[in-house]
Amino acid sequence: MADAAELLAQIRIHGTIPRHVAIIMDGNGRWARERMLPRPVGHRNGMKSVRAVVEAAIEAGVDVLSLFAFSAENWQRPAVEVSALMSLLEEYIQREADELERQGVQVRFLGELLLLAPAAHAAVERVVRQTAHCTKLRLNLFVSYGSRAEILNAVRQIARDAAAGKLDPEQISDATVSERLLTAGCPDPDLLIRTSGEQRISNFLLWQIAYTELFISPVLWPDFGRSELFEAILDFQKRDRRFGRVDA
Ligand code: IPE
Ligand code: IPE
Ligand code: MG
């Protein structure tokens, strides 16, 4: 693989930068197993990749980076793994909050945050407040998130508004739904990357990825870094996005 600086130069020559990149960060467990290490060690090494990818996204000029960190379904993993992941979340915030603010990263958390332990929830609120003024990159961290639940909440709100006579069912549009999702105000992802070779969406951003370009990387998340993100963006730049129309 070409080195990161060279890949970044190529990206800049081409010009079209995806505004919004989303990543399903997968493969921490397999990374640990290959080394005969416990799964949480894989998750810990995955934190380094988060740091690298945030920096790379800023360098490339991406506006929004969405990272799927913990799904609604992941609560069903063994309690020791869940608590290791929650401690890592707190540790990540503790360690990175000042640096994220310095880099101009506005951090948001999207998901059922009330299910988090009180200490983790407090840490989340702290970093969101601390970085609220930042404008360089918007970082959406999806924690305790499931896309169907997100859509169902929107549907419930819409049904309530319609029942109360505040909304005419005939006027319900894409925007009516989009503005009731947790991603309200964010452009839809241009590029969705999944690491570790899995070819599925696993209940991530189902509504928002209608016309997103998909990139499956074989690399396990703890090995994913700047170069890998730049490779994915370069691949995206070669795509012909037609949105159902014909070529120009
Ligand atoms: C991704 O890695 C992190 C989370 C889903 C929390 P995994 O833990 O799913 O790793 P694999 O898929 O078992 O290798
Ligand atoms: C998806 O990965 C969720 C996150 C990356 C946070 P999983 O490892 O949980 O997904 P499946 O079980 O392979 O579909
Ligand atoms: Mg997995």
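No lab work stands behind these numbers, since they all come straight from the coordinates. Computed from a predicted model, the values in this text were never measured in an experiment. A quick note on method: Cβ atoms are made from the backbone with ideal geometry, for glycine too, and the neighbour counts reach across all protein chains shown.
Taking residue 23 as the residue in question, decide whether it is outside any loop (DSSP other than H, G, I, E, B), of a type in the set (A, V, I, L, M) and more than 16 Å from ligand 3 (Cβ to nearest atom). So that I can check it myself, show each step before the final result.
On the way: outside any loop (DSSP other than H, G, I, E, B): yes; of a type in the set (A, V, I, L, M): yes; more than 16 Å from ligand 3 (Cβ to nearest atom): no.
No; evaluated as a whole, the condition is false for this residue.
Answer yes or no: is there a residue in segment 43-52 that is among the polar types (S, T, N, Q), more than 21 Å from the chain's Cα centre (by Cα) and not in a loop (DSSP other than H, G, I, E, B). Lay out the reasoning, then the answer.
Our first condition is that a residue be among the polar types (S, T, N, Q); within segment 43-52, this holds for 45, 49.
Adding the requirement that they be more than 21 Å from the chain's Cα centre (by Cα) leaves none.
Checking segment 43-52: not a single residue is among the polar types (S, T, N, Q), more than 21 Å from the chain's Cα centre (by Cα) and not in a loop (DSSP other than H, G, I, E, B).
Give the residues of segment 38-60 that are within 21 Å of residue 197 (Cα to Cα), more than 12 Å from ligand 1 (Cβ to nearest atom), of a type in the set (A, V, I, L, M, F, W, C) and surrounded by fewer than 19 Cβ atoms within 10 Å (Cβ to Cβ), sorted by residue number.
52
Could you count how many residues in segment 81-119 are part of a helix (DSSP H, G or I) and either away from ligand 2 (no atom under 16 Å from the Cβ) or among the small types (Gly, Ala, Ser) (or both)?
In the first step, residues of segment 81-119 are kept if they are part of a helix (DSSP H, G or I); the result is 81-103, 113-115, 118-119.
Next, from what is left, pick out any that are either away from ligand 2 (no atom under 16 Å from the Cβ) or among the small types (Gly, Ala, Ser) (or both): 83-84, 87, 90-91, 93-103, 114, 118-119.
The number of residues fulfilling the criteria is 19.
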